[in-house]
Structure formats: structure tokens, C-alpha cells
Amino acid sequence: MVVSPLANRTASATAEFRSELFLSMRVYQDKLEVSTRGAGATDLTARVRDVVRASGVMTGQCMVFVQHTSAGLVIQENADPAVLRDLVKWLSTMAPESRDWEHDAEGPDDMPAHAKSVLTRCSEAIPVCDGQLALGTWQAIYLWEHRRRPHRRNVIVNVIGDAPERRGESG
């Protein structure tokens, strides 16, 4: 087998780097409490980015999960607010309060909120690349409140992946 001088230098530099740092699998979790203003979208992107940064994970996955059945999560455009307004209208036509819902114990907006949460989702997975959320230029992570009145919602953020550590340190 013939090894080029460049490959030898690369292997040597890699061995030097490995003696200083190594990658370890890290799991990091945080719970966000989000106060909504009532029906509509609340941008969580900055708060989720802060969790990813605190995790120290360089390459991996970020899972965002809302612990409620009348709110949901979406990744959607963050540039033009008309997109979110149009989505509110569309969701209202898909699950109108005027429909004859059987489940109405918590008010006329309760069952439509459950139906809308089926369309939005309870979790989103976002890759982590170079320590950052790998969202597209116009993408943001939104908590979508489907109830009319304000609520406090719990959102769990899990980050898992490779994180550098110095030899002798533990994460």
C-alpha cells in the first residue's frame, strides 16, 4: 500500500488533534415554558438555538416536543407575516368552531384546537450542523396555540449528538 506524504501529514495532524480532543455522544435536555397570547404562532427559534448552544453538540439532532394536545409545532416561513395569517385562516376552515363537535366540555374552541393540533404536530426534528440548527434561510420554529385565550405551554427540547471534549473532562 502506498501512502502519500499529504495523507501522512493529515494522519499525523489528526492523531495530534485526537490526543487533545475527542468526540463523545452527548444528550442534553431543557424545558421551555412558553406564554402564548391566545390563538396564533409564537416564534421559538431563538430559545431553541440557545438550548442547542448550551448543549455543546456540534453534529446531531434537536427534537422539540410540545406537551399539550391543543397546541402544536410547525417549521414555517419567518419572512412574510401574511404566511402565518393565511395559515390561521386555513386551519380555521379545516376545523371550524361552528361544526357540531361532540367534545365541547372546555368551550367551543376546545375540540377545534385538538383537530388543528393533528394538522400541526407535537414534535419537530431539526439537524444540528457545526453547533447550529440547520434551518433554512426563511424557516423558523413556531409553537402554534390553537385556543383563543392565552396559555402557558411546556416545550421539551432534546439535543443529541457529537460534542468535543478535552481529554480528562467529562460532559
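The values are calculated or read from the model by the stated rules, or taken from the named source; none is laboratory data. Keep in mind it's a predicted model, so treat the numbers as computed, not measured. When we count neighbours, we look across all protein chains shown, and the Cβ atoms used for this are built from the backbone with ideal geometry, even at glycine.
Conditions (1) within 16 Å of ILE156 (Cβ to Cβ); (2) among the aromatic types (Phe, Trp, Tyr); (3) surrounded by fewer than 16 Cβ atoms within 10 Å (Cβ to Cβ); (4) touching a Phe, Trp or Tyr at 6+ places or on another chain (Cβ under 6 Å), marked per residue:
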residue	(1), (2), (3), (4)
ALA41	no, no, no, yes
VAL48	yes, no, no, no
HIS103	no, no, yes, no
ALA113	no, no, no, no
Hey, ALA134 touching a Pro at 6+ places or on another chain (Cβ under 6 Å), at pLDDT 95 or above and within 29 Å of VAL159 (Cβ to Cβ) or not: yes
Considering residues of region 131-141 that are in contact (Cβ under 8 Å) with a residue 40 or more places away in the chain and over 15 Å from ALA41 (Cα atoms) only, the residue surrounded by the fewest Cβ atoms within 10 Å (Cβ to Cβ): TRP138
Checking ARG85 against (1) out of contact with any Leu (no Cβ under 6 Å at 6 or more places or on another chain); (2) part of a strand (DSSP E or B), the condition it does not meet: (2)
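Quick grid of which residues meet (1) surrounded by fewer than 16 Cβ atoms within 10 Å (Cβ to Cβ); (2) touching a helix residue (DSSP H, G or I) at 6+ places or on another chain (Cβ under 9 Å); (3) part of a loop (DSSP other than H, G, I, E, B):
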{"residue": "VAL64", "(1), (2), (3)": "no, yes, no"}
{"residue": "THR69", "(1), (2), (3)": "yes, yes, yes"}
{"residue": "ALA79", "(1), (2), (3)": "yes, no, yes"}
{"residue": "ASP100", "(1), (2), (3)": "yes, no, yes"}
{"residue": "ALA125", "(1), (2), (3)": "yes, no, no"}
{"residue": "LEU143", "(1), (2), (3)": "no, no, no"}
{"residue": "ARG153", "(1), (2), (3)": "no, no, no"}
{"residue": "ILE160", "(1), (2), (3)": "no, yes, no"}
